[in-house]
Amino acid sequence: MGESSYIGQFRSFVWRWLTTTNHKDIGILYILTSIYFFLAAGVLGTLVRFQLARPGNTILTGNEYNEVVTMHGLFMLLWFASPLAFGLANYIVPLQIGARDLAFPRLNALSYWLYLVSGLIALISFFAPGGTASVGWTLYAPLTSDIYAPGKGLDLVGLAIILFSISVTLGTINFLVTIVKMRAPGMTWARLPMFSWTIVFTVLLMLWAFPTLIVATFFLFMDRNLGTRFFESPIGGSYLWAHLFWFFGHPEVYILLFPALGIIADVISTFSRRQLFAKNIIVLGLSLGTALSFVVWVHHMFITGIALEIRKIQSFTTAIISVPFEMTVIAMILTLWRGRIWYTTPMLFAIGSIFNFIIGGATGVFLSSVPLDIAFRGTYWVVGHFHYIVAGVITFGLMAGLYYWFPKITGRMYNETLGKIHFAIAFASIHALYLPMFFLMDMPRRIYDYAPEWATYNLIATVGAIIFGLSFLIPLVNFTYSLWRGPRAPDNPWGAYTMEWLTTSPPPRHNFEGEPMITGDGRVVFLAANGGYHHHVEHHTLAPFGIGLGALLFGLGLLYGPKLFTIVNLDVTLISIAGILVIAASLLKWAWDDVHDRFAIPEPRAAEDWPLTGVDKVRSGVWVFLVGDLFLFGALIGTWLFIRTRSLVWEPGYMSHDLAIGLVNTFILFTATYFYLLGYIFLKRGNTAAFTAGMSLATALAIAFLLVKVFEWSHLIEAGYTLGSGLQAQLYYTLTGLHGAHVLFGALATMYLVAKALKGKYTRDSHKGVVEIGLYWGMVEMIWVFLFPMFYLL
Amino acid sequence: MTGDFRASLAVYTFVWLVLVGGAVLEAVFILNGIARWPELFVLGVSGFQASLILLFYMHLRDEPLSVKAMPVVTLLLLVALLASAITSVLACTPYVAG
């Protein structure tokens, strides 16, 4: 082969992976990237244990120790555990439900690139002057203020978390719509495999938990760069951060846990040669766990002096949230009972997870008690407890998944002996690592040096950590070797029951030869495929990668590049501007492709889609997005309410703002939506000229709204009403600014409709996108009906 | 089709009038001190306006129960968050600047 053909192959290889939208490719990218971040986080964790091996160690300074602990936590929780689960879900869920891909393949690619970029920005923060974040993974205020955490490291971490949260939100929309709307005929909810079930619960949790994290990190970014004082003021401050963060933070535990439980359930069922015992009870338990997980966050705030009634209620909910998980564990043990157990590596990891879950779960119940929580929360008891869950259950569960689906994904068998050796070492060493921490229940956490009486247990934990960390080299070698030299994997090497095993290993690009359908007696038959299904050949686009690249440049621009101007404390550099331009160009390309229908995917025929029957894919996705957005603004409005309630002095809105301007803008916005709706009903009548006019008027009014806002802001700033004028002004600029950004996006989206209308894409029977963007306009207007009285009247 | 058009036009126009009227009403009542509990009054009017937008502009009334449940569940969770956060604030000593 000539040199040029190698170069050609390399080019097509790079092009494929940069532009792919196939769920299996994206899944592989997620898995590989999350393993990379796992190794990085693992190295950081081992460094922590090296420092704590004996008292008086000087491997790390105090600040370095804080940095390493902070980033170890963030990388493990955000950039390893959830993304590895998302990677497996990307690959496996469409196969398990009999779909060709996720509902929105481009959005899926965008999720991945934003995830990768967010992780890279977090890594780059290590090179920021002053180092990376060193305030603990919970980023407690006011430690995060620029007084205690100077430098750009924490800013980059904040930006990384925001990008990661956006990536997660997009993934949430995609998975929820896919699982609800794209199940093969006959794949009823009762037949849905447990892994797919747990992904449903996980994305529901993400949908309602991540908006508060976005709000919290957005405020943090503003505090540090634009001069607001949400978390530094005694009125907002640490209390506000704690509420916003932990409303996300506690459900995050279940976001991490659920996919692992789904894997464990599927693996145990397969290798016990039995149907999962009481599957309905497990699903019921997980749905209860999902609901309860939103009313337990205050147990992280028992020492804040929070109201006694709230403490009592959330002490109770924290105690009873263990019940659904006890039900799940019992059901899994009863599945093993009288099963014909096949002790493969995934099965060993699954059983190990259950064992660890019992330890980790039982030690967590203590923390529901207010007095015990106050005693334990700052000690190594808590460190032991949550590591048993995160490492012992979640990481073990994900390892079970990696071994279980390795043959399906790669088409090769791994070495079973090496797998079992990995399990044996990991299982033994994890107890050496975390069990001693329960005996250190009097040792404070978050310290880099300690008294000599705690030396023995710390040394044991460090030896355990080294062995546990090294044990993960075994699967690296095993998987890498097996990828090239492992025996060919049959389609169903485990004799498993779920649908992903009914296709080849690895599956073809279009997943199944024919359309899968499940008959009444549970058999799967494949019908002849229709032509529209083999759609992945042409489904390549650079736009998602471009948006990710732009975001990376924007992040890099916070550190490097020639400075163009400064907004308060935020240096805007040439690289950041270049990043924004790359994002804008990529979005334009995305819209351009849409206008030309380059990514039209036929809806699958006769799929199972209850309870969203009659609601098409895109509209379902928009509703899911709007729910997340509603929660985001709910958290923002809640912040306003929180601060207003805490303030004794509050100037009524009509005194600090011009009510006439507020009323004029309210009128403009209401009328914009009204014209939008008029355009829509004219289109349904077949009058495309009136439709185009309605959309154009709506766009013009949206722009007028923004111009009035600019006029108002400039006058207020001239009059000295700036971000430095106190929390009331900061809330005003932040909330109306974010709402203005929504209006701008709405105007752009409506322009896109006008462009499509001018190209003749809309007729009486064809109005794709009009209803969906109309829903968005409704949301924008709905938010304003609250913002107007908040800022102009009260 | 013409009937549908007229009915939709009537509904959209009526809702638009109520929305604009609601905003003016809020302003008049607050400025003149007519509303006894201004926050609750505003919450009531805004909540009513938001419901109209959801039901008639976003056509939630025509969606299946599962879609209707989405914003309802979201609002319930928000109420849980806000109730805990605000109750916790009310139990604390208010901050006085200076």
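Listed residues B:LEU82, B:LEU43; which is within 7 Å of chain A (Cβ to nearest Cβ) and either within 30 Å of A:TRP241 (Cβ to Cβ) or assigned to a loop (DSSP other than H, G, I, E, B) (or both)?
Of B:LEU82, B:LEU43, the one residue that is within 7 Å of chain A (Cβ to nearest Cβ) and either within 30 Å of A:TRP241 (Cβ to Cβ) or assigned to a loop (DSSP other than H, G, I, E, B) (or both) is B:LEU82.
Check off (1) surrounded by 14 or more Cβ atoms within 10 Å (Cβ to Cβ); (2) of a type in the set (Gly, Ala, Ser); (3) more than 14 Å from A:THR666 (Cβ to Cβ); (4) at pLDDT 95 or above for B:ALA27 and give me the number that stays unchecked.
(3)
Take the stretch A:718-738 and flag every residue that is touching a helix residue (DSSP H, G or I) at 6+ places or on another chain (Cβ under 9 Å) and of a type in the set (A, V, I, L, M, F, W, C).
A:LEU723, A:LEU727, A:ALA729, A:LEU731, A:LEU735, A:LEU738
In the stretch B:55-69, what residues are buried (at least 19 other Cβ atoms within 10 Å of the Cβ), part of a helix (DSSP H, G or I) and without any contact (Cβ under 8 Å) to a residue 40 or more places away in the chain?
If the condition is that a residue be buried (at least 19 other Cβ atoms within 10 Å of the Cβ), part of a helix (DSSP H, G or I) and without any contact (Cβ under 8 Å) to a residue 40 or more places away in the chain, then B:LEU60, B:VAL67 are the ones that fit.
Tell me whether the stretch A:285-293 contains one or more residues that are away from every other protein chain (no Cβ under 11 Å), among the aliphatic types (A, V, I, L, M) and surrounded by 23 or more Cβ atoms within 10 Å (Cβ to Cβ).
Within the stretch A:285-293, one or more residues are away from every other protein chain (no Cβ under 11 Å), among the aliphatic types (A, V, I, L, M) and surrounded by 23 or more Cβ atoms within 10 Å (Cβ to Cβ).
Which number in (1) assigned to a helix (DSSP H, G or I); (2) within 17 Å of the chain's Cα centre (by Cα) marks the one condition that A:LEU102 misses?
Exception for A:LEU102: condition (1).
Which of the residues spanning the stretch A:110-135 are among the small types (Gly, Ala, Ser) and more than 14 Å from the chain's Cα centre (by Cα)?
The answer is A:ALA122, A:SER125, A:ALA128, A:GLY130, A:GLY131, A:ALA133, A:SER134.
Got a sec? Which of A:ILE179, A:ILE166 is in contact (Cβ under 8 Å) with a residue 24 or more places away in the chain and surrounded by fewer than 24 Cβ atoms within 10 Å (Cβ to Cβ)?
Residue meeting the stated conditions: A:ILE166.
Residue-by-condition table, conditions (1) over 20 Å from A:PHE468 (Cβ atoms); (2) charged (D, E, K, R); (3) more than 27 Å from the chain's Cα centre (by Cα):
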site: A:THR318; (1), (2), (3): yes, no, no
site: A:VAL323; (1), (2), (3): yes, no, no
site: A:ILE330; (1), (2), (3): yes, no, yes
site: A:LEU336; (1), (2), (3): yes, no, yes
site: A:PRO346; (1), (2), (3): no, no, no
site: A:SER353; (1), (2), (3): no, no, no
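Which of the helices (runs of 4 or more DSSP H) found entirely inside the stretch A:1-87 contain at least 1 residues meeting this: crowded, with 20+ Cβ neighbours inside 10 Å and at pLDDT 95 or above?
By residue number, A:23-51, A:62-74.
Quick grid of which residues meet (1) in contact with a helix residue (DSSP H, G or I) (Cβ under 6 Å, 6 or more places away or on another chain); (2) touching a residue at least 60 places away in the same chain (Cβ under 8 Å):
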position: A:GLU608; (1), (2): no, yes
position: A:VAL618; (1), (2): yes, yes
position: A:VAL622; (1), (2): yes, yes
position: A:LEU630; (1), (2): yes, yes
position: A:MET655; (1), (2): no, no
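I need the full set of residues from the stretch A:169-186 which are in a helix (DSSP H, G or I) and of a type in the set (D, E, K, R), in order please.
The answer is A:LYS181, and nothing else.
Here are some residues: A:LEU677, A:LEU683. Which one is more than 10 Å from every other protein chain (Cβ to nearest Cβ), among the aliphatic types (A, V, I, L, M) and crowded, with 18+ Cβ neighbours inside 10 Å?
A:LEU683
With A:PHE230, A:PHE247, A:PHE221 as the choices, which residue is surrounded by 23 or more Cβ atoms within 10 Å (Cβ to Cβ) and assigned to a helix (DSSP H, G or I)?
Of A:PHE230, A:PHE247, A:PHE221, the one residue that is surrounded by 23 or more Cβ atoms within 10 Å (Cβ to Cβ) and assigned to a helix (DSSP H, G or I) is A:PHE247.
Just for the stretch B:46-78: of the residues that are small (Gly, Ala, Ser) and more than 15 Å from A:TRP784 (Cβ to Cβ), which one is nearest to the other protein chains (Cβ to nearest Cβ)?
B:SER66
Can you confirm whether A:ALA704 is at pLDDT below 95, small (Gly, Ala, Ser), part of a helix (DSSP H, G or I) and surrounded by fewer than 19 Cβ atoms within 10 Å (Cβ to Cβ)?
No.
With the structure loaded, tell me whether A:VAL323 is under 30 Å from B:VAL73 (Cβ atoms), part of a helix (DSSP H, G or I), away from chain B (no Cβ under 11 Å) and touching a residue at least 12 places away in the same chain (Cβ under 8 Å) or whether it fails that test.
Yes: the conditions hold for A:VAL323.
Residues are listed down the side, and each one gets a yes or a no for (1) farther than 29 Å from A:TRP337 by Cα; (2) in contact with a His (Cβ under 8 Å, 6 or more places away or on another chain):
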| residue | (1), (2) |
| --- | --- |
| A:THR228 | yes, no |
| A:SER238 | yes, no |
| A:HIS243 | yes, no |
| A:GLY249 | yes, yes |
| A:ILE255 | no, no |
| A:GLY285 | no, no |
| A:VAL296 | yes, yes |
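Of all residues being modelled with pLDDT of 80 or more and over 22 Å from A:TRP17 (Cβ atoms) in the stretch A:521-555, which is surrounded by the most Cβ atoms within 10 Å (Cβ to Cβ)? Just the residue, please.
A:PHE554
Conditions (1) part of a loop (DSSP other than H, G, I, E, B); (2) of a type in the set (Phe, Trp, Tyr), marked per residue:
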residue	(1), (2)
A:THR456	no, no
A:ALA461	no, no
A:ALA465	no, no
A:LEU470	no, no
A:ILE474	no, no
A:ASP491	yes, no
A:TYR497	yes, yes
A:PRO507	yes, no
A:ASN511	yes, no
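Condition first: assigned to a helix (DSSP H, G or I), more than 31 Å from the chain's Cα centre (by Cα) and surrounded by 17 or more Cβ atoms within 10 Å (Cβ to Cβ). Now tell me which residues in the stretch A:714-724 satisfy that.
Listed by number, the list holds a single entry, A:LEU716.
Check the stretch A:327-340 and report whether any residue there is farther than 24 Å from A:MET443 by Cβ, of a type outside the set (A, V, I, L, M, F, W, C) and out of contact with any Ser or Thr (no Cβ under 8 Å at 6 or more places or on another chain).
Within the stretch A:327-340 (the criterion being farther than 24 Å from A:MET443 by Cβ, of a type outside the set (A, V, I, L, M, F, W, C) and out of contact with any Ser or Thr (no Cβ under 8 Å at 6 or more places or on another chain)), the answer is yes, since at least one residue qualifies.
Please determine whether any residue of the stretch A:593-609 is within 14 Å of another protein chain (Cβ to nearest Cβ), of a type outside the set (Gly, Ala, Ser) and more than 23 Å from A:TYR752 (Cα to Cα).
Looking for residues that are within 14 Å of another protein chain (Cβ to nearest Cβ), of a type outside the set (Gly, Ala, Ser) and more than 23 Å from A:TYR752 (Cα to Cα), one finds at least one in the stretch A:593-609, hence yes.
Can you tell me which residues in the stretch A:750-768 are surrounded by fewer than 17 Cβ atoms within 10 Å (Cβ to Cβ), in contact (Cβ under 8 Å) with a residue 12 or more places away in the chain and within 21 Å of B:HIS59 (Cβ to Cβ)?
A:THR763, A:ARG764, A:LYS768
Would you mind stating whether A:ALA103 is touching a residue at least 40 places away in the same chain (Cβ under 8 Å), more than 22 Å from A:PHE406 (Cβ to Cβ) and buried (at least 24 other Cβ atoms within 10 Å of the Cβ)?
Taking the combined requirement at face value, the residue satisfies it.
Say we look at the stretch A:360-370 and pick out the residues that are free of Cβ contacts under 8 Å to residues at least 40 places away in the same chain and hydrophobic (A, V, I, L, M, F, W, C); which of these is farthest from A:VAL267 (Cα to Cα)?
A:PHE366
Can you pull out every residue in the stretch A:285-314 that is without any contact (Cβ under 8 Å) to a residue 12 or more places away in the chain and within 28 Å of the chain's Cα centre (by Cα)?
A:ALA291
The values are calculated or read from the model by the stated rules, or taken from the named source; none is laboratory data. Values in this document were obtained by computation on a predicted structure and should not be read as measured data. No Cβ is skipped: glycine too gets one built from the backbone with ideal geometry, and neighbour counts run over all protein chains shown.
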